[in-house]
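Peer 1: Structure provided below as C-alpha cells; questions to follow.
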Amino acid sequence: MSDSGIDLRTYVSAEAVRERGRALRERVPVGASAGEVTAPDRPGVLEFLAAAHADRLAHLVPLRVGRMMSGPFTFYRGAAGLMAADLAHAPVSGLDAQICGDAHAANFGLYGTQSGDIVMDINDFDETVVGPWEWDVRRLAASLVLAGRESGVDEDACARAARDAATSYRLATEKLADMPFLSSWSALPDESVLSLAAAEDLVDDFKKAAKKARKNTSAKVAAKWTEHIDDHVTGVRRHRFVSDPPVLTAVADSVADAVIDGLEGYVDTLRESRRPLITRFAVSDIAFRIVGTGSVGLHSYVALMHGNEGEALVLQLKQSIPSALAPYLPPQPAVHEGERIVRGARHVQAETDILLGWTSVRLGERELPFIVRQFRNLKGSIDPAALEAEDLDDYGRLAGALLARAHSRSLDPRLTSAYLGGDEAFDDAVTAFAVRYADRTEADHAELAAAVKAGKLAAELPQ
C-alpha cells in the first residue's frame, strides 16, 4: 500500500462485499424506520428558526418567513435542519454515503451538460455531507406526500408516490450493483432514465421542461435583465443589470469590487482545463439577487460577464453556510463551506457544471465563503406540487432511481443492495414514515402560522 493509503493490490469479491451488507440486516432490520418520527428533544419551530436566522441579513428574514408560511411543502423545503434533528434518532444501517442532505422532490432538476445535452439529477447541495443514505430517502418520500397534498392528490396516491420512490430506489440499487463499475458510474443521466424507472407518464413533462430549459441561458438573462450604457470615460458600451427590488438590486462599488476579487480567486478552484475559458471573460456588472427559500437572507450575487463579440455569461455567487445536518452527525474534517458543497456535487452528480467552484468574499470585516456556478445553465424543472396522481408516482420512481445512482458513486451499491435484500418491508417502512412525517410538517407549519398571527414573528408575504 502506498503512502496515500489506497490499496490497489487487494481484490475484494462481490460476494464478500454483499455478505457485509447482509450482516447489517441482522443488526438493523430494513423495516426499522417505521417507528416514531419525532425526536423527543427536537427544537420547537420558533427555536429552530431563531437559530437558522441568527447569521442572516436581518431585513430579509421576514421574507424568508413569509415564503415558508405559503404552505407545508414550502415550509418543509426550508426546514432540513429540523428534520435532521428528528432523523438523528431514527435507526439506520450504518452505511454512509455522500448525501444531498436536502433531497426533497423539488431539488431534482434538469440542466445542461458541457456538450449541450439535457440531463436530470439532484441539483442542490447546500446541505451535502457524509451521512446515512436513509436520510435522503426518507426526506424524498415525505416531500412527495406533501407535494401531492398541495396539488390536491388523494391520500392513497400520495402514499403510493412515496412507496414508489422507495421501491425505485431499492430496484435501481439492485440494478446498479449488478452493472460493470464503469457503466454504473454514469448511469441514468438523460431521458432514458424515464423508461428504466418505469416513469413513462412523465415523458411529456420531461420534454416540455427540456424544451423550456434549452431557452434558459445567460443570453436570455442579459436580454431581459440588463440595459446598455455608454461609459463616457472609456468610450466602451457595456451592459448593466436593471434593478427589480426586492429580488434584484444594485450594490455599492465597494461590494462589487469585493465580489470581483472573489471571482478572481475562484478561478483557481476550477478544474485546470476550464481556467483558460473563464479568464477570457470580463465582469460588466454585479447585483444582489434573492433566490430560493432556504437561501433567503444569505448574501447572493449575480455577475454579468462578457466574452466574444457581445457574448454574455451570468455567474451566481451564493454564500455557503455550514450544513444544517452537521450538528446531528459525527464531526467531519473542517473545510471551506463552498468547497464542501462543490466537492459534494462532484461526488454525486453524473455531470457537473463546468464552471462550478468556490471562493471567499470580504464584505466589511468578514470574509464569507461562497459557491460560484452558472446562473442559467439550460436549467429546468418539473414541479412535483403541480402533478396529478398518475404523474406523481412516476415522479417518485424517477427521483428514487436518480437518488440511488447518486448514492452509488460514494457507497458501493452492492453493499446497499445486499442490506435491502429485495425486501418490500423497506418500501412499507419508508411509506409509513413519509405519511407520518408529512403530518408532522403540517403541524409545524401551523405552529409557524399561529406565531406570525400572534405577532411573535414578522413575515413578509410573497406578492
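The values are calculated or read from the model by the stated rules, or taken from the named source; none is laboratory data. Everything quoted here is computed from the prediction, not taken from an experiment. Heads up, the Cβs are rebuilt from the backbone with ideal geometry, glycines too, and the neighbour counts pull from every protein chain shown.
Peer 1: All but one of (1) at positive phi; (2) under 15 Å from the mean Cα position of the chain (by Cα) hold for Gly94; which doesn't?
Peer 2: (2)
Peer 1: Is there any pair with a first residue in region 131-158 that is on the phi > 0 side of the Ramachandran plot and a second that is surrounded by fewer than 24 Cβ atoms within 10 Å (Cβ to Cβ) and among the acidic types (Asp, Glu) whose Cβ atoms are under 9 Å apart and which are 6 or more apart or on different chains, and what are they?
Peer 2: From residues that are on the phi > 0 side of the Ramachandran plot, the pairs are Gly152/Glu388.
Peer 1: Do we have Ser184 as among the hydroxyl-bearing types (Ser, Thr, Tyr), surrounded by 13 or more Cβ atoms within 10 Å (Cβ to Cβ) and modelled with pLDDT under 95 here?
Peer 2: Working: among the hydroxyl-bearing types (Ser, Thr, Tyr): yes; surrounded by 13 or more Cβ atoms within 10 Å (Cβ to Cβ): yes; modelled with pLDDT under 95: yes.
Considered against the rule, which asks whether it is among the hydroxyl-bearing types (Ser, Thr, Tyr), surrounded by 13 or more Cβ atoms within 10 Å (Cβ to Cβ) and modelled with pLDDT under 95, Ser184 comes out as yes.
Peer 1: For Ser143, state whether it is farther than 25 Å from Pro246 by Cβ and under 15 Å from the mean Cα position of the chain (by Cα).
Peer 2: On the way: farther than 25 Å from Pro246 by Cβ: yes; under 15 Å from the mean Cα position of the chain (by Cα): yes.
When the stated conditions are applied, Ser143 passes them.
Peer 1: Consider Ile341 against the criteria (1) within 30 Å of Ser243 (Cβ to Cβ); (2) at pLDDT below 95; (3) among the aliphatic types (A, V, I, L, M); (4) under 14 Å from the mean Cα position of the chain (by Cα): it satisfies all of them except one. Which criterion is unmet?
Peer 2: The single condition Ile341 does not satisfy is (2).
Peer 1: Being under 18 Å from the mean Cα position of the chain (by Cα), part of a strand (DSSP E or B) and either over 28 Å from Gly396 (Cα atoms) or among the polar types (S, T, N, Q) (or both): is that true of Ile354 here? Even if it seems obvious, please write down each step before you answer.
Peer 2: Details: under 18 Å from the mean Cα position of the chain (by Cα): yes; part of a strand (DSSP E or B): no; either over 28 Å from Gly396 (Cα atoms) or among the polar types (S, T, N, Q) (or both): yes.
Here the answer is no, as Ile354 does not meet what is asked.
Peer 1: Here's another thing I want to ask about it. Listed residues Ala90, Ala97; which is farther than 25 Å from Ala459 by Cβ, crowded, with 22+ Cβ neighbours inside 10 Å and either modelled with pLDDT of 95 or more or of a type in the set (Gly, Ala, Ser) (or both)?
Peer 2: Numbers: Ala90 fails: crowded, with 22+ Cβ neighbours inside 10 Å.
Exactly one of Ala90, Ala97 is farther than 25 Å from Ala459 by Cβ, crowded, with 22+ Cβ neighbours inside 10 Å and either modelled with pLDDT of 95 or more or of a type in the set (Gly, Ala, Ser) (or both), namely Ala97.
Peer 1: Across region 1-51, which residue is surrounded by the most Cβ atoms within 10 Å (Cβ to Cβ) among those that are in contact with a Lys or Arg (Cβ under 9 Å, 6 or more places away or on another chain), at pLDDT 95 or above and among the small types (Gly, Ala, Ser)?
Peer 2: Gly21
Peer 1: What single numbered condition from (1) within 22 Å of Thr352 (Cβ to Cβ); (2) at pLDDT below 95 fails to hold for Asp230?
Peer 2: Checking Asp230 against (1) within 22 Å of Thr352 (Cβ to Cβ); (2) at pLDDT below 95, the one that fails is (1).
For every residue, the table says whether it meets (1) among the aliphatic types (A, V, I, L, M); (2) crowded, with 20+ Cβ neighbours inside 10 Å; (3) within 30 Å of Lys220 (Cα to Cα); (4) without any contact (Cβ under 8 Å) to a residue 24 or more places away in the chain.
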{"position": "Gln319", "(1), (2), (3), (4)": "no, yes, yes, no"}
{"position": "Pro322", "(1), (2), (3), (4)": "no, no, no, yes"}
{"position": "Tyr328", "(1), (2), (3), (4)": "no, no, no, no"}
{"position": "Gln332", "(1), (2), (3), (4)": "no, no, no, no"}
{"position": "Gly344", "(1), (2), (3), (4)": "no, yes, yes, no"}
{"position": "Ile354", "(1), (2), (3), (4)": "yes, no, yes, no"}
{"position": "Gly364", "(1), (2), (3), (4)": "no, no, no, yes"}
{"position": "Val372", "(1), (2), (3), (4)": "yes, yes, yes, no"}
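Peer 1: Could you check region 56-76 and list, in sequence order, the residues that are under 18 Å from the mean Cα position of the chain (by Cα) and of a type in the set (Ser, Thr, Tyr)?
Peer 2: Selection gives Thr74, Tyr76.
Peer 1: May I ask you to list the residues in region 72-106 that are farther than 18 Å from Tyr419 by Cβ, touching a Ser or Thr at 6+ places or on another chain (Cβ under 6 Å) and of a type in the set (Gly, Ala, Ser)?
Peer 2: Within region 72-106, Gly78, Gly101, Ala105 qualify.
Peer 1: All but one of (1) in contact (Cβ under 8 Å) with a residue 60 or more places away in the chain; (2) touching a Lys or Arg at 6+ places or on another chain (Cβ under 8 Å) hold for Val247, so report the exception by its number.
Peer 2: So the condition that Val247 fails would be (1).
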